[in-house]
Amino acid sequence: MAELDRDALKREMTGWRRDLHAHPEFGFEEKRTAGFVAAKLREFGLDDVAEGVGGTGIVGTLKRGSGNRTVALRADMDALRITEQSATAYRSQNPGIMHACGHDGHTTMLLGAAKLLAAEGGFDGTVRFVFQPAEEWGKGALAMLDDGLLQRFPFDEIFGLHNMPGLPIGHFETRAGPFMSAEDNFEIVLKGIGGHAARPHSGNETLVAACALVTNLQTIVSRRLSPADISVVSVTELITDGTRNALPGLARILGDARSFRPEVSAEIERQMRVIAAGTAAAYNVTADVTYSREFVPLQNDADLVDAAFVAARRVLADGAAGIAAEPMTASEDFARFLDHVPGCFVFLGNGEASAPLHNSSYDFNDDGLLHGTNFHAAIVRQRLGGAIGK
Ligand SMILES: [Zn+2]
Ligand SMILES: [Zn+2]
């Protein structure tokens with residue numbers, strides 16, 4: 001089969017990326033984006049294109065040869081409720097919504113891989129192209145799994161990538177085992193008796209108790225968990241019903257906890273309940289703790305990490321593929337797929353000058369597009385026994 005002209009493909013992908021960027025959609029509302037993806041996959045001649053998987057998700061299937069193994073590649077499609085600061089011609093046309101995490105780039109790179117693999121083949125087996133909704137919420141992967149993703153479109157292993165500001169263009173990082181953290185959210189409500197600011201002894205206010213509790217929560221990581229376990233407990237909000245001359249009878253403490261093992265997450269919750277109850281008792285108020293798990297930890301399969309490095313080294317410049325120095329305390333919905341099927345998630349450089357993810361000035365760097373597409377194609381050809389082209 002004829003090789004696709006890579007320069008032409010890059011130009012075409014840049015057009016897709018900027019079109020998607022101009023029309024960002026929030027999680028589970030990716031109707032235009034999903035329509036765009038499905039139309040492209042059909043145009044490329046895939047064997048099957050299923051729409052509406054887990055809401056707005058899409059699964060494309062491409063078969064070549066007679067091999068019975070299946071590799072899935074995944075991209076995310078959703079944008080964020082952030083107002084874009086940009087003067088580009090392709091800036092967001094949807095007020096208050098922008099592609100501030102580069103999912104427009106991820107979707108485009110996976111579309112590029114679908115076009116490339118459909119045109120060139122070079123593998124023996126089945127590829128699933130999984131376009132998931134609502135990554136930012138941590139809800140889209142579960143929606144696809146609950147909609148029978150693994151039964152209707154089974155696969156043996158799955159690969160995904162995320163662009164990474166600060167990492168040079170064409171550079172690649174991943175690591176075996178825990179790679180990205182779980183995210184838990186918590187809310188602690190303290191109740192006492194509010195009253196006059198001038199007569200604190202006549203009531204039983206909650207603000208001093210809340211301040212003590214915020215401080216005491218810092219001992220979960222520093223005094224209750226092993227230093228070998230990376231974890232974070234961040235109090236992010238303290239809200240009371242007090243006013244300038246009235247002490248609050250109610251205080252709410254909200255926050256976010258990160259960890260890399262379910263046992264650590266469970267211990268953070270347990271310690272939080274002990275400390276909240278003890279602190280509340282010391283201040284004669286009550287504490288009610290609500291603790292929820294939003295993202296699970298992302299665990300990369302060691303063998304598939306090795307495979308990803310081999311593939312990356314074949315399509316990226318010498319020295320561009322490295323082991324990430326440490327796990328990252330950010331979370332990724334891709335982890336839900338890895339709870340069921342082995343796989344590997346990787347970071348690709350978005351350039352050293354890139355604004356951070358979720359920043360209103362962020363933009364995906366189109367110079368990275370072809371690197372992501374080439375990596376997707378290379379890992380498929382490697383895992384499905386084809387010849388790996390550049
Ligand atoms: Zn994000
Ligand atoms: Zn993202």
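The values are calculated or read from the model by the stated rules, or taken from the named source; none is laboratory data. Predicted model only: the values in this text are computed from it and were never measured. Quick reminder, even Gly has a Cβ in these numbers, built from the backbone with ideal geometry, and neighbours come from all protein chains shown. Each accessible area value is taken on the protein alone, full model and side chains, heavy atoms only, with ligands, DNA and RNA left out. Shrake-Rupley method; radii C 1.70, N 1.55, O 1.52, S 1.80 Å.
Candidates 346, 310: the one that is outside any loop (DSSP other than H, G, I, E, B) and away from ligand 2 (no atom under 16 Å from the Cβ) is 310. For the range 136-145, enumerate the residues that are open to solvent by 10 Å² or more (accessible area, probe 1.4 Å) and either under 17 Å from residue 372 (Cβ atoms) or within 16 Å of ligand 1 (Cβ to nearest atom) (or both). Once the filter is applied, which keeps residues that are open to solvent by 10 Å² or more (accessible area, probe 1.4 Å) and either under 17 Å from residue 372 (Cβ atoms) or within 16 Å of ligand 1 (Cβ to nearest atom) (or both), the range 136-145 yields 136, 137, 139.
Residue-by-condition table, conditions (1) in a loop (DSSP other than H, G, I, E, B); (2) not acidic (Asp, Glu):
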| residue | (1), (2) |
| --- | --- |
| 51 | no, no |
| 55 | yes, yes |
| 60 | no, yes |
| 68 | yes, yes |
| 73 | no, yes |
| 83 | yes, yes |
| 86 | yes, yes |
| 89 | yes, yes |
| 94 | yes, yes |
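Checking the range 163-180 against the condition returns no match, with no residue being touching a Lys or Arg at 6+ places or on another chain (Cβ under 6 Å), touching a residue at least 60 places away in the same chain (Cβ under 8 Å), of a type outside the set (A, V, I, L, M) and within 24 Å of residue 138 (Cα to Cα).
Screening 151, 85 for residues that are under 24 Å from residue 366 (Cα atoms), of a type outside the set (Val, Ile, Thr) and open to solvent by 30 Å² or more (accessible area, probe 1.4 Å) leaves exactly one candidate, 85. Please go through (1) farther than 20 Å from residue 368 by Cβ; (2) in a helix (DSSP H, G or I); (3) not aliphatic (A, V, I, L, M) for residue 126 and return the number of the only condition it doesn't satisfy. Here residue 126 clears every test but (2). Determine the pairs where a residue that is over 12 Å from residue 174 (Cβ atoms) and among the aliphatic types (A, V, I, L, M), located within the range 312-331, has a partner that is at pLDDT 90 or above and part of a loop (DSSP other than H, G, I, E, B) with Cβ atoms under 7 Å apart, the partner being 6 or more residues away or on another chain. Taking only residues 6 or more apart or on different chains, the pairs are 316/170; 317/170; 320/170; 320/171; 330/181.
The residues listed here are 145, 110, 116; of these, the one that is part of a helix (DSSP H, G or I), within 14 Å of ligand 2 (Cβ to nearest atom) and in contact with a helix residue (DSSP H, G or I) (Cβ under 8 Å, 6 or more places away or on another chain) is 110. Those residues that are over 13 Å from residue 111 (Cα atoms) and either at pLDDT 95 or above or within 23 Å of the chain's Cα centre (by Cα) (or both), I need them from the range 376-390; list them, please. Correct list: 378, 379, 380, 381, 382, 383, 384. When 67, 105, 54, 96 are checked against the criterion of being crowded, with 20+ Cβ neighbours inside 10 Å, more than 16 Å from ligand 2 (Cβ to nearest atom) and not β-branched (Val, Ile, Thr), 54 stands alone in meeting it. Would you mention how many residues in the range 15-36 are more than 11 Å from residue 94 (Cβ to Cβ) and surrounded by fewer than 17 Cβ atoms within 10 Å (Cβ to Cβ)? Qualifying residue count for the region: 4.
Of the numbered criteria (1) more than 22 Å from residue 65 (Cβ to Cβ); (2) within 20 Å of the chain's Cα centre (by Cα); (3) at pLDDT 95 or above; (4) among the hydrophobic types (A, V, I, L, M, F, W, C), the one residue 89 fails is (2). Within the range 160-181, being in a strand (DSSP E or B) and away from ligand 2 (no atom under 16 Å from the Cβ) holds for 172, 177, 178. Among the criteria (1) surrounded by 15 or more Cβ atoms within 10 Å (Cβ to Cβ); (2) assigned to a helix (DSSP H, G or I); (3) of a type in the set (Val, Ile, Thr); (4) without any contact (Cβ under 8 Å) to a residue 60 or more places away in the chain, the one residue 279 does not fulfil is (4). Only residues that are open to solvent by 60 Å² or more (accessible area, probe 1.4 Å), away from ligand 1 (no atom under 16 Å from the Cβ) and under 17 Å from the mean Cα position of the chain (by Cα) were counted across the range 343-367, and they come to 0. The residues of the range 332-342 that are touching a residue at least 60 places away in the same chain (Cβ under 8 Å) and among the acidic types (Asp, Glu), listed by number, are 332, 333. So is residue 345 of a type in the set (Phe, Trp, Tyr) and under 24 Å from residue 99 (Cβ atoms) or not? Here the answer is yes, as residue 345 does meet what is asked. Checking each residue in the range 349-377 for being assigned to a helix (DSSP H, G or I) and either among the aliphatic types (A, V, I, L, M) or touching an Asp or Glu at 6+ places or on another chain (Cβ under 7 Å) (or both) picks out 369, 370, 377. Would you call residue 239 surrounded by 15 or more Cβ atoms within 10 Å (Cβ to Cβ) and either among the β-branched types (Val, Ile, Thr) or at pLDDT below 95 (or both)? Against the criterion (surrounded by 15 or more Cβ atoms within 10 Å (Cβ to Cβ) and either among the β-branched types (Val, Ile, Thr) or at pLDDT below 95 (or both)), residue 239 does not qualify. When residue 335 is tested against (1) among the aliphatic types (A, V, I, L, M); (2) farther than 18 Å from residue 300 by Cα; (3) in contact with a Phe, Trp or Tyr (Cβ under 9 Å, 6 or more places away or on another chain); (4) within 13 Å of ligand 2 (Cβ to nearest atom), exactly one condition is not met: (2).
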